[in-house]
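What follows is calculated from the coordinates using simple rules that are stated; it is not laboratory data. Keep in mind the model is a prediction, meaning the values are calculated, not measured. So basically every Cβ, Gly included, is an ideal-geometry build from the backbone, and we count neighbours across all protein chains shown.
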Amino acid sequence: MKQFKAESKRLLDLMINSIYTHREIFLRELISNASDAIDKLYYKALTDSDLSFNADDYFIKISIDEEKRQITISDTGIGMTEAELDEHLGVIAKSGSLQFKKDTELEDGHDIIGQFGVGFYSAFLVADKVTVISKALGAETAYKWESCGADGYTIEPCEKATVGTDIILTVKENTEDENFDEYLDVYKLKSIIKKYSDFIRYPIKMDLTRSQLKEGSESEYEEVTEEQTVNSMVPIWKKNKRELTDEDYENFYNEKHFGFDQPLAHIHLSVDGTVSYNAILYIPEKMPYDFYTTEYEKGLELYSSGVLIMNKCADLLPDYFSFVKGIVDSEDLSLNISREILQHDRQLKLIAKNIKTKIKNELEKMIKNDREKYETFYQSFGRQLKYGVYSDFGANKDVLQDLLMFASSHEDKLVTLDEYVSRMKEDQTHIYYAVGDSIDRIKKLPQSEAVLDKGYEILYFTEDIDEFAIKMLMSYQDKEFKSVSSADLGLDTDAKEEEATKEFATLFENMTSVLSGKVKTVRASRRLKSHPVCLANEGDLSIEMEKVLNSMPN
Ligand code: ADP
Ligand code: MG
């Protein structure tokens, strides 16, 4: 018997026993794997002229054997070779995921399984034995994989006539407080399928009974069993928005494993024009755990007329919107398109441009209509927007500037630049900001006094990226940004400053020479009230920016 890797074993134990509370999702996971497998075969058939295909050949069948306590999920997908059974079902989760599990407090009900790519193992939520019989496309022999859980698994050759996979679950016995028998009930399974897998694009068939009039009789009924397709099969993105509820969109988000959170907002697009496409996009609530690592891959699922052609099409999203999840389906893309060609595809570029605008509009709408939601979003992804302003030499500032928010002296909440400008005093010409490690420290800066004294608002920058982003913007609505620590504050020039500087010339000269190498000059200033002295900077680089630049590795 082969052993699961040590970590896998622990994860499997954890998962089966504690992580997931909604047991019924095992069916969604196994059906979505079946659908993925059919996708792969369907795609092959469409692009490989040696393979013929017939739409009726692609389906998923769920059957129940009450006597044996078994549920079988069969698909006519691409199947798995012996090596694939070993690789895909024998290695559970990457250690990084396990680490994540340890580091994170998991909130109940969040769908962790899919995040780890351990969907298959959810079978053990209801089964004490799982048997997989699979015949891969082009293979001579079929193989049987079998496991009773954490102890390990066996693989051996077996008989199977057609290409595809059967997953056979031997359902656990009821315990005192847990009922497993319900999963042996067709109607229970049917309702689970309706709930989670209705949008699967291949038929999910079940043998269902119904009563009908006996032949030749006018009053006697008989029970007949017949195969029925239980899902509606229309992919959610082809449905009419008006027929869909928020819950439908959330279910799809979960089914697709876009995140272990719930989306903050969704955008459903049905575009007919120079290029036609349907898309469903999501703005997540929480940052994925690997968001700021090199492992994070941005991108949207890309379909061509309902056939999946790419899992993560990066070209559809600008980096600053890399947190967006979703799918795009277009009839105007060729199936045989390769990654390289795709990059230059005109249609794809048009879609990407369009999507970018829609995301921006959605976020602007959120600022207006649901400020709290936007702030939640901004906590997670605000940094990404600021990086977006800063990168590409500010090329994206028009898209992003209205989405920025900063803490401010106005109130203890985030403000947009537009709000700042709308509150500016009549004689105020600049947008002022102060930089520091924390808002508390900024509030104590002597440099701010003169500005606050005039009744002007100050933006508080506490993240390294803030000032860099603002420098890239330079101005907003024609108002220039100005650091409260710059030598020239842009306030009314004051003859008194010059006078005093002259009057105490010798003192200042002495001070300058004592501090030589540390400061350029010492002079009188009107900006101070309760503080005797402060630092100011000349030129573009603020003191804070210098600090950041100095701390960077060369
Ligand atoms: P994920 O679906 O996120 O990759 P799973 O644990 O659900 O993770 O499945 C692991 C892998 O096992 C799949 O990626 C696929 O390669 C393989 N697999 C699972 N079920 C099937 C199936 N019914 N047919 C073919 N391959 C499958
Ligand atoms: Mg899966």
What GluC sites (Glu not before Pro) in the stretch 299-398 are in a loop by DSSP, with at most 13 other Cβ atoms within 10 Å of the Cβ? E331
If a/c stays under 1.5 just call it rounded; otherwise compare a/b with b/c (prolate if a/b is bigger, oblate if not). Do that for the stretch 225-368, with a ≥ b ≥ c from the square roots of the Cα gyration tensor eigenvalues. rounded
Near N231, within a Cβ-to-Cβ distance under 11 Å, what is the net charge of the other residues, with Lys and Arg +1 and Asp and Glu -1? +4
Taking neighbour Cβ counts within 10 Å as the exposure measure, how do V234, V271, V435 sort from fewest upward? V234, V271, V435
If you put +1 on each Lys and Arg Cβ and -1 on each Asp and Glu Cβ, how big is the dipole of the chain around its Cα centre, in Debye rounded to 20? 1680
Which is farthest toward the positive dipole end of the stretch 166-316 among L308, F260, I168, measuring Cα position about the Cα centre, with Cβ charges +1 (Lys, Arg) and -1 (Asp, Glu)? L308
Quick one: plug the Kirkwood hydrodynamic radius of the stretch 247-294 (C-alpha pairs) into Stokes-Einstein at 20 °C, 1.002 mPa s, and report D in µm²/s. 176
Along the chain, longest interval not containing exposed chymotrypsin sites (Phe, Trp or Tyr not before Pro), exposed being DSSP loop plus at most 16 other Cβ atoms within 10 Å: 54-291
To two decimal places, what compactness ratio does the chain give when its Cα radius of gyration is scaled by 2.2 N^0.38 Å? 1.29
I'd like the GluC sites (Glu not before Pro) in the stretch 129-189 restricted to DSSP loop residues with at most 13 other Cβ atoms within 10 Å, sorted by number. E140, E159, E173, E176, E178
Rounded, prolate or oblate: pick one for the stretch 316-431, where a ≥ b ≥ c are the square roots of the eigenvalues of its C-alpha gyration tensor, a/c under 1.5 means rounded, and failing that, prolate if a/b is larger than b/c, else oblate. prolate
Unit charges on C-beta of K, R, D, E only; dipole of the stretch 435-481, Debye: 120
For a 28 Å ceiling on Cα separation, which of these pairs sit above it: K298/K482; K2/K194; K386/K547? K298/K482; K2/K194
Residue-averaged [θ]222 nm for the chain, counting only DSSP H segments that reach four residues, each worth -39500 (n - 2.57): -10000 deg cm²/dmol
Positive-pole candidate from L137, G388, S513, dipole of the chain, charges at beta carbon: S513
Neighbour cut-off at most 16 other Cβ (10 Å), DSSP loop, GluC sites (Glu not before Pro), the stretch 432-488: E463
